[in-house]
Amino acid sequence: MADELTHIPVLPNEVVELLDPQPGEVFVDCTAGLGGHAALIAAKIGPTGTIVLNDLDQGNLDRAKSFVSNALCPDDPDSAKVHAICGNFADLPAKLKAMGISADMILADLGFASTQVDDPQRGLSFRFSGPLDMRMDQSTPITAEELVNTLPEADLADIIWRYGEEKSARRIASKLVEARAVEPITTTDRLAEIVRSASRGPRGSINPATKTFQALRIAVNDELGSLDALLRVMGIAIRKQSQSGSGSEPSWIGQGARVAIIAFHSLEDRPVKRAFGEWAKSGWIKPITRGVVIGSDSEIRSNPRARSAKLRVCKSVRGDANG
Ligand SMILES: C[S@@+](CC[C@H](N)C(=O)[O-])C[C@H]1O[C@@H](n2cnc3c(N)ncnc32)[C@H](O)[C@@H]1O
């Protein structure tokens, strides 16, 4: 299991440089993970700053809270300046509003953390033998096992095609339905083996089960639905912000707030690109990044997860700047 002290976040320098944290500012981390990015920001905003950590995985959130509190206020690890909120980031804006918090910087580093993918009991990886779970939030009821064993063949094929962009989706779904009629599919090993048996084409460097595992994980956690919901509420707040004058009602997104989103595949990056593009066209934000920022060769060598990371950053436009 990864240790937060050795955990290296992706694109660390780029995130800090582009979010440009200033002493005393408020940072909202939608996906706290192990607190890697948040600890770097904490060092910049200092003890007068405020940090909100959000994650739907309570175990990660607890680790992040102690790590980040120590980075923000080493002399006061129970500082009220670090707030930990367990839940889906789609619900975070309403909670921030209720707390009266207005963010100067917001980060969403999408997907899963090393503590999750490297835990065989989570069933997220075909590299380990384990139960077919795949839930990031252990309190939700639907596991990958349930999807694989109960969905109609056409729905399974649709999930594998849409969320895995897997060309052999129909054949894989058909094999899964055939196999589960003999015996329920309950482990990562058996799932990977069935997918492999259904895959055609040359064996490359990518395991044939990669796309099916990605698809099921996205479906179990409704990852794209949550991202869409977050972008929708962000868009509403950013629009209001850009149209409000000084003295108007405070928003959970502060005037001139910077928003950074790190995606790991095109299904995640596409809605972010679209949302940022629409907001920019409406004059609600200014893009800070042109296109995506990706990891340097040396980062990718030392942190393979950085290989597919794509960072986009924008800045909300002040109402008074719009006249
Ligand atoms: C890539 S990790 C974040 C790593 C973090 N930036 C760091 O430096 O340690 C992604 C985290 O987001 C969480 N997560 C994924 N989807 C989420 C959602 N919809 N709402 C809240 N947390 C989510 C996962 O549980 C995981 O801990």
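The values are calculated or read from the model by the stated rules, or taken from the named source; none is laboratory data. What you are looking at is a predicted structure, and each value in this text was computed from that prediction instead of being measured. Every residue, glycine among them, receives a Cβ derived from its backbone with ideal geometry; neighbour counts consider all protein chains shown.
Annotations
- When region 130-147 is limited to residues that are outside any loop (DSSP other than H, G, I, E, B) and among the acidic types (Asp, Glu), the one that is nearest to residue 190 (Cα to Cα) turns out to be 145.
- Of all residues making up region 278-294, the number that are part of a loop (DSSP other than H, G, I, E, B) and under 18 Å from residue 18 (Cα atoms): 6
- Residue within region 200-208 that is at pLDDT below 95 and part of a helix (DSSP H, G or I) present: no
- Residue check, residue 254 over 20 Å from the mean Cα position of the chain (by Cα), in contact (Cβ under 8 Å) with a residue 12 or more places away in the chain and surrounded by 18 or more Cβ atoms within 10 Å (Cβ to Cβ): yes
- In the set (1) among the aliphatic types (A, V, I, L, M); (2) at pLDDT below 95; (3) more than 28 Å from residue 306 (Cα to Cα), residue 185 fails one condition alone, (2).
Yes or no, residue by residue, for (1) among the β-branched types (Val, Ile, Thr); (2) closer than 30 Å to residue 104 by Cβ; (3) surrounded by 17 or more Cβ atoms within 10 Å (Cβ to Cβ); (4) without any contact (Cβ under 8 Å) to a residue 40 or more places away in the chain:
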residue	(1), (2), (3), (4)
188	yes, no, yes, no
217	no, no, yes, no
223	no, yes, yes, no
238	yes, yes, yes, no
244	no, yes, yes, no
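- Condition met for residue 304 (over 16 Å from residue 110 (Cβ atoms), touching a residue at least 12 places away in the same chain (Cβ under 8 Å) and loosely packed, with under 15 Cβ neighbours inside 10 Å): no
- Whichever residue in region 57-114 is within 9 Å of the ligand (Cβ to nearest atom) and among the acidic types (Asp, Glu) and, among such residues, is modelled with the lowest pLDDT: 57
Every residue, every condition in (1) touching a helix residue (DSSP H, G or I) at 6+ places or on another chain (Cβ under 9 Å); (2) buried (at least 19 other Cβ atoms within 10 Å of the Cβ), yes or no:
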{"position": "19", "(1), (2)": "yes, yes"}
{"position": "39", "(1), (2)": "yes, yes"}
{"position": "62", "(1), (2)": "no, no"}
{"position": "66", "(1), (2)": "no, no"}
{"position": "69", "(1), (2)": "yes, yes"}
{"position": "76", "(1), (2)": "yes, no"}
{"position": "82", "(1), (2)": "yes, yes"}
{"position": "93", "(1), (2)": "yes, yes"}
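- Selection from region 257-271 of residues that are away from the ligand (no atom under 13 Å from the Cβ), surrounded by 19 or more Cβ atoms within 10 Å (Cβ to Cβ) and more than 16 Å from residue 237 (Cα to Cα): 269
- Selection count, region 154-168, where residues are part of a helix (DSSP H, G or I) and either surrounded by 15 or more Cβ atoms within 10 Å (Cβ to Cβ) or outside the structural domain of residue 194 (by TED's automatic domain parsing) (or both): 9
- Exactly one residue among 162, 122, 135 is within 19 Å of the chain's Cα centre (by Cα) and over 29 Å from residue 36 (Cβ atoms), and that residue is 162.
- Residue check for residue 57: surrounded by 18 or more Cβ atoms within 10 Å (Cβ to Cβ) and in the same structural domain as residue 298 (by TED's automatic domain parsing): yes
- Residue within region 130-140 that is under 30 Å from residue 271 (Cα atoms), surrounded by fewer than 18 Cβ atoms within 10 Å (Cβ to Cβ), aliphatic (A, V, I, L, M) and touching a residue at least 12 places away in the same chain (Cβ under 8 Å) present: no
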